[in-house]
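The values are calculated or read from the model by the stated rules, or taken from the named source; none is laboratory data. These numbers were taken from a predicted model, which means no experiment stands behind them. Using ideal geometry, Cβ is built from the backbone for each residue, glycine included, and neighbour counts are taken over all protein chains shown. For accessibility, only protein heavy atoms count, side chains too; no ligands or nucleic acids. Shrake-Rupley method; radii C 1.70, N 1.55, O 1.52, S 1.80 Å.
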Amino acid sequence: MKIPPYLKKGDTVALVCTARKFFPEEAQPAIDLLKSWGLEVKLGKTIGLDSCQLGGTDAERTADLQEMLDDDNVKAIWCARGGYGTVRIIDTLDFTRFKKHPKWIMGFSDVTVLHSHLNTLGIATLHSIMPFTVPKAPDEVKETLRKALFGESLKYVVPAKGYEIKGKAKGQLVGGNLSILYSLLGSKSSLDTDGKILFIEDLDEYLYHIDRMMQNLKRNGYFENLKGLIVGSMTDMHDNEIPFGQNEVGIIMEIAKKYNFPVCFYFPAGHQKDNRTLILGKEVEFEVNSDEIILEFKK
């Protein structure tokens with residue numbers, strides 16, 4: 001796994017739209033944040049484009065991201081917001097130069113398309129807040145992104161909820177948004193979870209959808225040799241008039257308990273204000289005990 005070079009003061013971070021539209025005035029809080037860290041900012045041509053939901057046509061979003069991937073002066077790329085649209089351009093991107101000279105790709109939600117695809121190419125990425133979410137992100141969450149970008153130590157210790165599966169594990173952290181991972185199954189962007197620790201989170205889904213997606217991941221072998229499962233925020237879940245009969249914890253636990261790996265729920269990452277940065281592709285130590293959940297990224 002290639003770990004892109006960590007940033008130093010004076011480096012340039014590019015902001016681009018790979019999915020939903022995003023406008024220059026919305027970008028100012030993110031620009032101010034990056035500059036407070038001593039970084040320079042380059043706005044992509046898609047910032048300000050408006051193509052229905054999307055930040056430009058597929059061709060415009062492809063060209064903008066491709067330019068930033070190949071620009072040696074750009075040391076990291078921050079996807080402006082999620083929503084939907086990255087999968088429409090993933091197969092038209094050329095990662096030939098990027099694989100030789102990797103740089104950090106940052107974001108969450110729909111950006112899981114890039115996280116998953118780049119993991120298959122052996123390149124680490126950052127599951128993090130995005131420019132769209134900067135205004136509502138707590139300072140301590142922003143600080144986790146700064147630490148990850150600059151290569152500082154990153155370790156999370158959070159209280160246990162009382163319904164985990166205890167244990168310890170080591171392995172490469174992979175994953176992202178459950179709906180996106182589900183949608184990538186069978187494609188060349190689908191994750192290999194063998195011997196790894198999987199992180200999942202989701203937003204605005206029906207409970208039976210969560211079950212369907214988990215069943216499909218199971219049938220595709222995602223849990224066969226998994227070393228650990230970290231469930232982040234499951235925000236705004238819905239049920240039908242006739243209840244499904246389990247909440248998200250019950251649905252996931254019913255599958256996970258058949259295997260021998262530690263599991264935690266509601267880890268502070270995903271569609272919520274407390275969305276801490278995860279270095280996907282990095283080796284981690286993961287522990288779940290009666291009191292705490294510990295996730296430490298190895299140097």
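Kindly list, by first and then second residue, each pair from a residue in segment 145-165 that is closer than 12 Å to Val288 by Cβ to a residue that is surrounded by fewer than 12 Cβ atoms within 10 Å (Cβ to Cβ) and polar (S, T, N, Q), limited to pairs with Cβ atoms under 8 Å and residues at least 6 apart or on different chains.
Pairs found: Ala160/Ser290.
Looking at (1) surrounded by 16 or more Cβ atoms within 10 Å (Cβ to Cβ); (2) free of Cβ contacts under 8 Å to residues at least 12 places away in the same chain; (3) not hydrophobic (A, V, I, L, M, F, W, C), which one does Gly245 not meet, given that it meets all the others?
Of everything listed in (1) surrounded by 16 or more Cβ atoms within 10 Å (Cβ to Cβ); (2) free of Cβ contacts under 8 Å to residues at least 12 places away in the same chain; (3) not hydrophobic (A, V, I, L, M, F, W, C), Gly245 misses just condition (1).
Keeping to segment 277-294, report how many residues are part of a loop (DSSP other than H, G, I, E, B) and within 20 Å of Glu164 (Cα to Cα).
The number of residues fulfilling the criteria is 3.
Quick check: is even one residue across segment 226-242 of a type in the set (S, T, N, Q) and in contact with a Gly (Cβ under 6 Å, 6 or more places away or on another chain)?
Here is the first cut: in segment 226-242, the ones of a type in the set (S, T, N, Q) are 233, 235, 240.
Restricting the remaining residues to those that are in contact with a Gly (Cβ under 6 Å, 6 or more places away or on another chain) gives 233.
So far as segment 226-242 goes, yes, one or more of its residues are of a type in the set (S, T, N, Q) and in contact with a Gly (Cβ under 6 Å, 6 or more places away or on another chain).
Quick check on segment 223-240: of everything there that is hydrophobic (A, V, I, L, M, F, W, C) and not in a loop (DSSP other than H, G, I, E, B), which residue is surrounded by the most Cβ atoms within 10 Å (Cβ to Cβ)? Spell out how you get there, then give the answer.
Taking segment 223-240 as the starting set, the residues that turn out to be hydrophobic (A, V, I, L, M, F, W, C) are 223, 226, 229-231, 234, 237.
Filter once more, keeping what is not in a loop (DSSP other than H, G, I, E, B): 229-231, 234.
Details: Leu229: 28, Ile230: 25, Val231: 25, Met234: 24.
Here the residue is Leu229.
Restricting to segment 269-292, name every residue that is closer than 27 Å to Leu114 by Cα and open to solvent by less than 10 Å² (accessible area, probe 1.4 Å). Full working, then the answer.
We begin by selecting, within segment 269-292, every residue closer than 27 Å to Leu114 by Cα; these are 269-286.
Residues satisfying the conditions are Ala269, Gly270, Asn275, Thr277, Leu278, Ile279, Leu280, Gly281, Val284, Phe286.
Please determine whether any residue of segment 203-222 is modelled with pLDDT of 95 or more, in contact with a His (Cβ under 8 Å, 6 or more places away or on another chain), part of a loop (DSSP other than H, G, I, E, B) and crowded, with 16+ Cβ neighbours inside 10 Å.
Checked against the condition, which is being modelled with pLDDT of 95 or more, in contact with a His (Cβ under 8 Å, 6 or more places away or on another chain), part of a loop (DSSP other than H, G, I, E, B) and crowded, with 16+ Cβ neighbours inside 10 Å, segment 203-222 yields at least one hit.
Give the residues of segment 146-178 that are under 19 Å from Leu118 (Cα atoms) and either part of a helix (DSSP H, G or I) or in the same structural domain as Thr112 (by the TED database) (or both), sorted by residue number.
Listed by number, the residues that qualify are Ala148, Leu149, Leu178.
When you go through Lys42, Lys21 one by one, which is the residue that is more than 19 Å from Phe98 (Cβ to Cβ) and in the same structural domain as Ile89 (by the TED database)?
Lys21
Check whether at least one residue in segment 89-101 is of a type outside the set (Lys, Arg), in contact (Cβ under 8 Å) with a residue 60 or more places away in the chain and not assigned by the TED database to the domain that holds Ser233, and report yes or no.
yes
Considering only residues that are free of Cβ contacts under 8 Å to residues at least 60 places away in the same chain, open to solvent by 20 Å² or more (accessible area, probe 1.4 Å) and over 14 Å from Gly232 (Cα atoms), which ones fall in segment 248-259?
Within segment 248-259, Gly250, Glu254, Lys258, Tyr259 qualify.
Considering only segment 107-130, I want to know if a residue exists there that is surrounded by 23 or more Cβ atoms within 10 Å (Cβ to Cβ), farther than 19 Å from Phe199 by Cβ and touching a helix residue (DSSP H, G or I) at 6+ places or on another chain (Cβ under 8 Å).
Checking segment 107-130: not a single residue is surrounded by 23 or more Cβ atoms within 10 Å (Cβ to Cβ), farther than 19 Å from Phe199 by Cβ and touching a helix residue (DSSP H, G or I) at 6+ places or on another chain (Cβ under 8 Å).
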